1. What ranking, highest mean first, results for peptides A:35-46, A:540-551 when packing means the other Cβ atoms within 10 Å averaged over each residue?
2. Could you work out how far helix A:337-350 tilts from the main Cα principal axis of chain A, as a 0 to 90 degree angle to the nearest 10?
3. State whether region A:417-466 is rounded, prolate or oblate according to the following rule on the C-alpha gyration tensor (a ≥ b ≥ c being the square roots of its eigenvalues): a/c under 1.5 gives rounded; otherwise a/b larger than b/c gives prolate, and the remaining case gives oblate.
4. Nearest 0.05, what FRET efficiency do residue A:81 and residue A:243 give at R0 = 45 Å with Cβ-Cβ as r?
5. Helix A:277-287 versus the longest principal axis of chain A: what is the Cα-based angle in degrees, 0 to 90, to the nearest 10?
6. What residues of region A:546-577 lie in the reach of a label at residue A:488, counting those whose backbone N is under 18 Å from a point 7 Å from the Cα along Cα→Cβ?
7. If I fit a long axis through the Cα atoms of helix A:99-112 and take the longest principal axis of the Cα atoms of chain A, what angle between them do I get, 0 to 90°, rounded to 10?
8. Would you mind calculating the relative contact order of chain A from Cα pairs under 8 angstrom and at least 6 residues apart, reporting the percent as a whole number?
RNA sequence: GACUCCGUAGCUCAGUUGGAUAGAGCAGCCGCCUUCUAAGCGGCAGGUCGCAGGUUCGAAUCCUGCCGGGGUCGCCA
C-alpha cells in the first residue's frame, strides 16, 4: 500500500543478490537507505539513495557509487511496475513508474475506503499518551489547550497508524496547591451560607469558578463545616473542589472533543488500595542500588538564600544521562513531586505499556532527562519515554497581542477561545505548527473564511470534492456512482498532469501517516492536507479555463467516472486526515 | 554559570529524520468569475538558511565554538 516502503523492499532484495554474489559484505544493514518522492517531479516518481549510502562497502567491487547504482537500476528496469530506472547525479536511482501502478493505488484506496492509510497493528506494544494533566485549580488557559489538542491528535495518529493507544490524564491532586484550593473553596462555602467574605485574601484563588463548589459544600454539609478547625473540613473541601474543578476541565476538554480513557489521581498513589506505591517505587530503585543518601552541590547562577546543605535521599539519575542526582524526599519528609511521578510512571510500566509519551509545557523542559532516567531504570530498558514539549501560545487579535494577566483576573480561558472561534479552528491552528515552536494564534484570522485561513482552506477543498460528487447525481445514473462502479472504472484514462499530481499525492498519504506517527509529529499531517487541498484547488481552477479538465464531462462518461473515482478518494483522504486531527470535514461550507 | 528549545524571504512558518537548483502563506505588483462554490487560481519580485570552523560523495539538517532570543535550574506542581 505504501509504494515507498514497497520499493524499499524490492531494492533491498536486489542488494541481497549482489551480497550473495560476494560483491557487497554479508552484514550489510539494508535499512540504511531511503526511498522517497523526489523534490523535483522531473526526477520521476521515486528516488533511492542506496548506492551512495553503501559506497564505502561497495568500494572493493565497484569503482564508484554510480556503478553500483546502475546495476541496481538495471535490475529495477526488469520490474513489471517500472517504466524506467535511471542513475542521476552522484548515484541517485530515479524510478519512473508505469501509469497503471497509480491506477492500482487509487483502486486500492477505493476498496479500503476510510481504512486507506491506516497502518497494520504493530507488534511494538501498547502506547500510553499522557496529556493535559493541568492542575485542578482553575479553568484551563490557551497554553493548556495546545498540549491538549496536540496530545489528542497524536493519540489519534498513533491509533490510525495501528497502535494500541491509551489516553491518560494525571491529576495533580496531592500537593500544597490543592490545599490552597480547598481553603479557597471553604471561603466560598461560607459565602454560600450567607456570610459576607469581602475581598479574597492574598494567597487564595480568587476566581468565581469556585462559587459553585462552595454551593455544593453548603448543600452537602449544611453548616456543619462552619465552626470547625481546618483539619476537620479540609478533606471534604478538597474533595469537593477537585471534583468541581475536574468536572469543569472535562467540560472544557469535551468542547474540544477530547476525552481521556483514564484519569489517574496522584493522591491514589499513597492513599489507594495498593498502599504506598511511592514507597514501593523507591524501594524498587533502591534494590537496584539507584537510591542513596548524599549531598548535592548548591545550584549555580542565582544565589538561593534558603539553600541548606543537607544530606538527602537521592535517585542516581546521573547513571542514565541526567546532570545531577535528584531528591526524592522533601525537608519535611514528604515525597517530592518527582518521587510521586516516578511511582506514577512505574504504574504505566507495570500496566504493560512499552512506549510512554508525555506531553508537557516547555517550562518543564528541565524535567525531561530525570524522568527518562527514571523510566529507563524502572523498566530496565524495556519501556521508553518520549516527552513532547509544547511551546507557548501567543494570543493575538488582528495582529495585536491580547493581554493576559492572571493578577487582574482578565486572562483568556481556553473555553472562551473555543466558544469564540470554534473547535475546528482551535484544533487545526494548534496543529499547524511544530509542537516545539512558539505559536501565534490570531483570533481574528482563524474565523476568516479565506485562503489565509488554513482551516477553511482545507475544509473547503473537502467541501468542493463532495460538491462534485453531489453534482454528479444530477446527470449520471445512480448505478454508475457506486463504489463498485468506481472500482471498475478505467483509471488509466486519468492522464492529465493535474490529475496525476493529485494521484501521486494520494499515494503519499500512507507514507505521511507512517512518518508523522513514527516521529510523533501530527503537524506533518496538517501540512500534507494543506498541500493536497492546494493541489485540488489548483486543478479545479484550471477547469475554469479548460472545460475539458472538469471532473464532470457529459460527452465522456467513462472519463467522468474515472475522475469521480479520484474525487471520491480525495474526499476520503481529506476527511480521514482531518479526522485524525480531530477537525470536521463538512460537505458544504455555505 | 549549567542544561534545553529556537534563529530559514519584510512578516508568520514548512523543509519528507543527511539528498539533487531551499519551499508555502501573508504583505507588494500584474492577471483570471456566462459554465462542478472566485470562501478559489496563475504569474512577477523577494535568501550569505544567525556567524565561523569541522565530519563526507553531499549539510538548513549531524559535531564543536561563538552571537542573539525563550524556558528551566535541591525541598512548587
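1. On the way: A:35-46: 15.7, A:540-551: 13.1.
With the highest mean Cβ count within 10 Å placed first, the list reads A:35-46, A:540-551.
2. That helix lies at roughly 50 degrees to the long axis.
3. It comes out prolate by the Cα gyration axes.
4. It comes out at approximately 0.15.
5. Approximately 70 degrees, to the nearest ten.
6. Answer for region A:546-577: A:557-566.
7. The angle comes out at about 40 degrees.
8. Values: 908 pairs, mean separation 88.3, N = 590.
Worked out over chain A, it gives 15 percent.
All of the numbers you see were taken from the coordinates with simple rules; none came from a lab. In this text, all values refer to a predicted model and were calculated from it rather than measured experimentally. Reconstructed Cβ throughout: ideal geometry from the backbone, glycine too, with neighbour counts over all protein chains shown.
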